[in-house]
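These notes concern the structure reproduced below.
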Amino acid sequence: MGINMTNSWGQVTDNTKQLAEMLNYSTVVAVVDVFTLNLATARNFAIEPADVVAKTITFSNVPTTAGLMLVVVIHLIYTNAAAITYPTGTPVSFVPALVAGTEYDIQFISFDAGTSWAAAVVGEV
């Protein structure tokens, strides 16, 4: 039995595959305090700051296909209160109030091949 959802046209679709892909995170470890998320290999990532030193998140290999909507989800396991700098193109106003010991799902969406990103915290555990 799949997970059925109704789309904006009123059609019922089975979204089991999409949900499985959303829950299948690629774990990335910071190298020299930078989390480099390779969009050629995944779109869903899990990261965890190992200490309280500030961290930066960057996207690499962003597809440049015209008209492609890019959606990236980061599952942030925020065990240590490290300041986070978000990818280039993320609005400077995006500064979520993160609490150590909490996990967050942060979604980034781009309609212009990664030049700019809309960002939102879409889940918290």
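Laboratory data are not the source of any read-out in this text; all were calculated from the coordinates shown. Nothing here was measured: the structure is a model prediction, and the numbers come from that model.
Values computed for the structure shown
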read-out	value
For segment 30-62 versus segment 90-125, the gap between their alpha-carbon centres in whole angstrom	13 Å
Backbone HN-Hα couplings from phi across segment 68-73 [Karplus 6.51/-1.76/1.60, Hz, Gly and Pro as x]	7, 8, 9, 10, 10, 10
Taking segment 12-124 and dividing mean pair separation by its residue count, relative contact order in percent (alpha carbons under 8 Å, at least six apart)	23 percent
